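The values are calculated or read from the model by the stated rules, or taken from the named source; none is laboratory data. All of these numbers come straight from a predicted model, not from anything done at the bench. Note that each Cβ is placed from the backbone with ideal geometry, even for glycine, and that neighbours are counted across all protein chains shown. Remember, those area values only see protein heavy atoms, side chains included, never the ligands or the DNA or RNA. Shrake-Rupley method; radii C 1.70, N 1.55, O 1.52, S 1.80 Å.
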Amino acid sequence: MSETQIKDSRFTFKKAEDEASEHITAPAYSYWRSVFRQFFRSKVAITMLVIVIIVVLMSVIQPMISHYSPMHTPNINNPSMKYIRPNLTYWFGTDDKGNSLFDAVWAGTRNSLFVSFASTFIVVVVGVIVGMWWGFSKRVDAVMIEVYNVVANIPMTLIGMVLMYALGPGMWQLIFAMSITSWISVAYFIRVQVMIIRDREYNLASRCLGTSNHTIISKNILPYLISVIMTEVSRDIPSFISLEVFFSYLGIGLSRRYPSLGQMIRDYAPYLVSTPYLFWIPVSVSAIISISLYIVGQTFADASDPRTHMM
């Protein structure tokens, strides 16, 4: 065998690739995979998430089974069914009308959650959209800052109370009253964050290249605000639940046809000494929902921050 043949058998010639030097050898990065991996590291958040899921499922399924309605009281004339303390048959006991408090609590939870979720959705969507343009456009900023200075000096609770007295109790009236001015504080918060990001080098370069404002906002700015938005959501949902309870406690929240945790707390407050379970069970459910939603939201907001993905 010749020397040339020996060399050919030992070596394999590779074709030069000009783009090989541009290949990144770092492992593939997925934002949402990293978010969920970071979130599920917290055992407390997982526990609270399980509680939230159970509460939501119970508030949806149980009223469909029980068909509970505060307007329908078949046991009101049956004294033996009234004020039965919690037991294996009636887990939460019975109320002053002989109805199962277990059925009443989950029907009330369903309506309270719907009001809080709907109000949060409206407030966050409107607040984020307005806040994006508010922080990006100086013309919009000049107008909106004056609107904010006026609205921010009027307590939102006071505006909601006045509207509820004017509109009357009702589910959509309550959602409207709670969200009519709440969005402006979210918009101002987003505006501050956008102003921090908008003048960074890559955004200035995008403007020089003729990129539209809509594209810059949606592609360059919005992804950086996911953790900020999740933080706002985690604050608003428990806040609106508490506000619904407060309005219903005052008698200006949901109408009687829509049971809620606030209505039950108001109706059962006089029984705090004689039959305390009627009062404390709705209060405890409301507190558990608010705390668990807040912890889940805050943990998810922290996990949404890309800086935590390097840990």
* Asked: Give me the pairs: first residue in the stretch 93-118 and over 14 Å from residue 279 (Cβ atoms), second residue acidic (Asp, Glu) and crowded, with 24+ Cβ neighbours inside 10 Å, beta-carbon distance under 7 Å, and six or more apart or on different chains, which are they?
  -> 112/244; 115/244; 116/244
* Just one of the numbered conditions (1) under 30 Å from residue 102 (Cβ atoms); (2) part of a loop (DSSP other than H, G, I, E, B); (3) of a type in the set (Gly, Ala, Ser); (4) without any contact (Cβ under 8 Å) to a residue 60 or more places away in the chain is not true of residue 255; which one? -> (4)
* Structure fact -> Counted residues in the stretch 92-125 being hydrophobic (A, V, I, L, M, F, W, C), assigned to a helix (DSSP H, G or I), touching an Asp or Glu at 6+ places or on another chain (Cβ under 9 Å) and farther than 12 Å from residue 264 by Cα come to 3
* Asked: Which numbered condition trips up residue 240, out of (1) over 17 Å from residue 164 (Cβ atoms); (2) at pLDDT 85 or above?
  -> (1)
* Would you say residue 245 is farther than 16 Å from residue 51 by Cβ, among the hydrophobic types (A, V, I, L, M, F, W, C) and free of Cβ contacts under 8 Å to residues at least 60 places away in the same chain? -> no
* To do: Could you please tell me which pairs satisfy a Cβ distance under 7 Å, a separation of 6+ or placement on different chains, a first residue in the stretch 171-187 that is more than 25 Å from residue 226 (Cβ to Cβ), and a second residue that is open to solvent by 60 Å² or more (accessible area, probe 1.4 Å) and not in a helix (DSSP H, G or I)?
  => 171/258
* Asked: If you go through the stretch 204-222 one residue at a time, do you hit one that is within 21 Å of residue 297 (Cα to Cα) and surrounded by 13 or more Cβ atoms within 10 Å (Cβ to Cβ)?
  -> yes
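Residue-by-condition table, conditions (1) within 19 Å of the chain's Cα centre (by Cα); (2) buried (at least 21 other Cβ atoms within 10 Å of the Cβ):
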residue	(1), (2)
227	yes, no
237	yes, yes
248	no, yes
251	no, no
256	no, no
264	no, yes
276	no, no
280	no, no
* Asked: Do we have any residue at all in the stretch 82-93 that's open to solvent by less than 10 Å² (accessible area, probe 1.4 Å) and under 15 Å from residue 63 (Cβ atoms)?
  -> no
* Asked: How about the stretch 126-218: which helices (runs of 4 or more DSSP H) wholly inside it have at least 3 residues that are modelled with pLDDT of 85 or more, in contact with a Cys (Cβ under 8 Å, 6 or more places away or on another chain) and within 30 Å of residue 107 (Cα to Cα)?
  -> none
* **Among residues of the stretch 275-311, those that are modelled with pLDDT under 85 and either closer than 22 Å to residue 90 by Cα or not in a helix (DSSP H, G or I) (or both), counted** => 2
